[in-house]
Amino acid sequence: MRLFLFDVDQTLISTGGAGIRALNRAFQKTFAMDNAMDGVLPHGKTDPAIIREIFAARSANDGFSTDLGPVLEAYLGFLREEVETTALYRILPGIVAILELLKKQPNALIGLATGNVETGARIKLERGNLNQYFAFGGFGSDSENRTELVRQGAARAASSSGRSVDPAETYVIGDTPRDIEAGREAGFLTVGVATGTFTKSQLEAAGATFAITDFETDRDYFLASTRIE
Ligand SMILES: [Mg+2]
């Protein structure tokens, strides 16, 4: 049984910065803090880790609470609004075709491995009608640590399908070096997709099993490399 675990942001979709705007609004509403995301690089980090980073950068001076609950709740409300209204939302090239193809494979399972909390991931995927492909996943709400959430995604593949999943046939697919490092640390194969801010060579340098430009350009190479006909 082959397993494919997909990252969300800049791998399946782009929300045109909706997540960053929603977090800024959440910190503004909860703590009257302006531009909380300034200087924070979100790439490949889990939602809780991003929020903690903001707390760490600011709370020493301002005495903010480090309870993630209120800011996460505000974030999810704003996220729904930002994702629904942005003109910049798009599904990345070749994604629907590859998901359709993998869905029809008798020996393949597809799931998510994303730093988004699950509700956030579902909000982001809903506009593109992509939730239908993902019955399970590992999320930022499972662990603040990306390696752990990748492991969780693979464990859910096994429990939801009732079939055993071989680590040597598990592919973690993402657009940042952090996705690649987490996949490797969890003991899986990794595929870098250069649809975010990182190039194929940067993703290969991070140790990706292989890297592609996008799922449209390199569809056949992806299928051949993962031995899907
Ligand atoms: Mg990403």
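Throughout, read-outs are computed from the coordinates displayed, never taken from laboratory work. Note that the structure is a prediction, hence the values are computed from the model and not measured. Glycine also receives a Cβ, built like all others from the backbone with ideal geometry; neighbour counts cover every protein chain displayed.
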Checklist outcome for this item: The distance between the Cα centres of region 1-43 and region 199-227, in whole Å, is 24 Å
Item to check | DSSP beta bridge pairing in the chain, given as percent antiparallel to the nearest 5 | outcome: 10 percent
Checklist outcome for this item: Residue separation between E216 and Q132 times 0.36 nm, minus their alpha-carbon distance, gives in nm 28.2 nm
Checklist entry - Expressed as a fraction of 2.2 N^0.38 Å, the rule-of-thumb size for a compact globular protein of N residues, what is the C-alpha radius of gyration of region 18-85? => result 1.02
Checklist entry - Regarding region 127-167, what are the three Cα extents along the principal axes, ordered largest first, in Å? => result 30, 27, 14
Checklist outcome for this item: Per the C-alpha gyration tensor (a ≥ b ≥ c, the square roots of its eigenvalues), the chain is rounded if a/c is under 1.5, else prolate if a/b beats b/c, else oblate; here it's prolate
Next on the checklist: Taking the Cα centroid of region 128-144 and of region 85-126, what is the distance between the two, rounded to the nearest whole Å?
Outcome noted: 8 Å
Checklist entry - Mean residue ellipticity at 222 nm from the helices of the chain, using -39,500 (n - 2.57) per DSSP H segment of n ≥ 4 over the full residue count, to the nearest 500 deg cm²/dmol? => result -14000 deg cm²/dmol
Item to check | Whole-number percent relative contact order across region 73-229, with pairs defined as alpha carbons under 8 Å at least 6 apart | outcome: 17 percent
Checklist entry - Excluding R21 itself, what net charge comes from residues whose Cβ is under 14 Å from its Cβ, given Lys and Arg +1 and Asp and Glu -1? => result -2
Checklist entry - Which residues make up the longest stretch of the chain clear of trypsin sites (Lys or Arg not before Pro) that lie in a DSSP loop with no more than 11 other Cβ atoms within 10 Å, not counting the sites? => result 105-226
Next on the checklist: For the chain, what is the number of Lys pairs with C-alpha distance below 26 angstrom, counting only pairs 8 or more positions apart or on separate chains?
Outcome noted: 8
Next on the checklist: Test of understanding: what is the full-extension gain from V96 to D166, defined as 0.36 nm times their sequence separation minus their Cα-Cα distance?
Outcome noted: 22.7 nm
Item to check | Mean shadow area of region 1-126, taken as a quarter of the surface of its Cα convex hull (nm²) | outcome: 8.3 nm²
